[in-house]
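Before any comments, here is the structure.
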Amino acid sequence: MNRREFLKTAGLTAASLLMPNVQVWAKTAATGTTQNAAATNKLVVVFLRGAIDGLSVVVPYADSRYYKVRNNIAIPPPGSELGALDLNGEFGLHPALSALMPLWKNGSLSFILNTGSPDPTRSHFDAQDYMESGCPGRKSTSTGWLNRLLAQLPDNHSPVRALNIGTTTPRILQGPVASATFKAELRRRRTAIDNEVIASSFERMYEGRGDSLERAFLDGMEARSTINDKLSGEMMQANGGAIAANRFGAFGRQLGKLMSEEPKVQVAFVDLGGFDTHVNQGNGKGQLANHLQVLGKGLSDLASSLGDTYDRTAILVMSEFGRTVKENGNNGTDHGHGNFIWALGGAVKGGQLLGRWDGLSDNSLYENRDLPVRTDFRSVISSVAGDHLQLSTRQLQTVFPDFAPEKVSGLLKA
């Protein structure tokens, strides 16, 4: 490709990526040669910012302690109203994720239990930084592990080798290899009381009464403002600029379409927020369920929108850390430690729960309160990158320096 052709291709691609309604794609010329798996297989990373509650996603309903420590937010066992969807007789899937059950049944969805970062931080900012840089506990790393991984793959000279769905280039993709961003901009969801006309009408209704109703209304509005200010700051930090999951239901269709129409995409990344559920988390329904329903449908749409590309794709879904095993006093959960990683795609040997599970007794928990990390998240990624993307041990050392991964056996199809 000469300079003029490259600029034309890059320009058309950038236009379609930055403007979602523009359906313009630069077609990839066929080379007439058979590329190896490292060049044609693909990796998608979905990051759930805010620390999703893994024990509500994969429910250990056979463990009686689960229900003892979660009086209000536990997901009922299979067969109950809004109960978990049975996976293997001991664990179930949150009912809001029903769209993913066909993938579990067809053998392209698995979960790795008790995974995460070995770093003990419970700070959203630090934990996300460590998980995206791939160097837990080290703040001096300037590049993201997904960018370093991309640098180890065969260079197909495409401006869309790495595709990001979001608002800015995330930490995980920072580095010398350029990535293309499909910018999604959505409006903030507002409630009726956020409408100035409605709020003013209520104020006029109650002002000047000089009684308990006026005082109750004013106190309520002040409390709402104070709580919103405090929670919005926490949520903004937890979400790290990501769009809340329940406001971006189209992510799967958009990403799947982009990847299926542009075969030179090698890696893709999307992050979703809204999983910092300190207050009123809900159980089979409620705040978390609303996000999970959109997430599950989005992942299902991604699988179908990828078409034949799904067979050559591995998708990893992860979060910066888990949440406390016990519910808190606000019917929610607080920052924890270990969590679960989801793995799906045609490359995944699905229908199984992997990793080491020790139950929920106090002596099996991290600091007697959180799920432990039995499998380092870098071992999960290394197992996928090694077998699926065919990276060598030396190349994996570049992706995750100073780390010796333990292979997650049985994660991928032979």
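The values are calculated or read from the model by the stated rules, or taken from the named source; none is laboratory data. Bear in mind the structure is a predicted one, so any value in this text is a computation, not a measurement. Cβ sites come from the backbone with ideal geometry, for glycine too, and all protein chains shown count toward neighbours.
What are the residue pairs meeting all of these: first residue in the range 248-261, first residue in contact (Cβ under 8 Å) with a residue 60 or more places away in the chain, second residue part of a helix (DSSP H, G or I) and buried (at least 18 other Cβ atoms within 10 Å of the Cβ), Cβ atoms under 6 Å, and 6 or more apart or on different chains?
F251/G298; L255/L302; M259/T309
In the range 253-272, is there at least one residue being touching a His at 6+ places or on another chain (Cβ under 7 Å) and modelled with pLDDT of 60 or more?
Restricting attention to the range 253-272, the residues satisfying the condition of being touching a His at 6+ places or on another chain (Cβ under 7 Å) are none.
No, that holds for no residue.
Can you find a residue that is closer than 20 Å to T333 by Cα, modelled with pLDDT of 95 or more and among the β-branched types (V, I, T) anywhere in the range 102-117?
Of the residues in the range 102-117, the ones closer than 20 Å to T333 by Cα are 113-117.
From what is left, the residues that are modelled with pLDDT of 95 or more are 113-117.
Narrowing the set further to residues that are among the β-branched types (V, I, T) leaves 115.
Yes, the conditions are met somewhere in the range 102-117.
Considering only residues that are closer than 17 Å to G54 by Cβ and surrounded by fewer than 23 Cβ atoms within 10 Å (Cβ to Cβ), which ones fall in the range 339-360?
Pass one, the range 339-360, residues closer than 17 Å to G54 by Cβ: 339-344, 352-360.
Matches in the range 339-360: Q352, L353, L354, G355, R356, W357, D358, G359, L360.
Is it fair to say R253 is closer than 20 Å to G54 by Cβ and either in contact with a helix residue (DSSP H, G or I) (Cβ under 9 Å, 6 or more places away or on another chain) or crowded, with 24+ Cβ neighbours inside 10 Å (or both)? Let's see the steps before the verdict.
Numbers: closer than 20 Å to G54 by Cβ: no; either in contact with a helix residue (DSSP H, G or I) (Cβ under 9 Å, 6 or more places away or on another chain) or crowded, with 24+ Cβ neighbours inside 10 Å (or both): yes.
Answer is no for this residue.
Filter the range 114-132 for residues that are among the polar types (S, T, N, Q) and buried (at least 19 other Cβ atoms within 10 Å of the Cβ); which is nearest to G175 (Cα to Cα)? Please lay out each step first, then the result.
From the range 114-132, those among the polar types (S, T, N, Q) are 114-115, 117, 121, 123, 128; that's our starting set.
Within this subset, residues satisfying the condition of being buried (at least 19 other Cβ atoms within 10 Å of the Cβ) are 114-115, 117, 128.
Numbers: N114: 30, T115: 26, S117: 22, Q128: 17 Å.
Filtering first and then ranking leaves Q128.
Here is a check on your reading of the model: is L82 closer than 24 Å to G336 by Cβ, aliphatic (A, V, I, L, M) and over 21 Å from the mean Cα position of the chain (by Cα)?
Working: closer than 24 Å to G336 by Cβ: yes; aliphatic (A, V, I, L, M): yes; over 21 Å from the mean Cα position of the chain (by Cα): yes.
Here the answer is yes, as L82 does meet what is asked.
Quick check on the range 95-141: of everything there that is of a type in the set (A, V, I, L, M) and not in a strand (DSSP E or B), which residue is nearest to D311 (Cα to Cα)?
From the range 95-141, those of a type in the set (A, V, I, L, M) are 96-97, 99-101, 103, 109, 112-113, 127, 131; that's our starting set.
Next cut, not in a strand (DSSP E or B) only: 96-97, 99-101, 103, 127, 131.
On the way: A96: 25, L97: 22, A99: 19, L100: 16, M101: 18, L103: 12, A127: 32, M131: 27 Å.
Within the range 95-141, the match that is nearest to D311 (Cα to Cα) is L103.
Working carefully through the options G89, G50, find the one that is assigned to a loop (DSSP other than H, G, I, E, B), modelled with pLDDT of 95 or more and touching a Gly at 6+ places or on another chain (Cβ under 8 Å). So that I can check it myself, show each step before the final result.
Values: G89 fails: touching a Gly at 6+ places or on another chain (Cβ under 8 Å).
The unique qualifying residue is G50.
Considering each residue of the range 142-156, count those that are part of a loop (DSSP other than H, G, I, E, B) and hydrophobic (A, V, I, L, M, F, W, C), and give that number. I'd like the intermediate steps shown before the answer.
Step one: filter the range 142-156 for residues part of a loop (DSSP other than H, G, I, E, B), giving 142-144, 153-156.
Imposing the further condition that a residue be hydrophobic (A, V, I, L, M, F, W, C) reduces the set to 153.
Residues meeting the conditions: 1.
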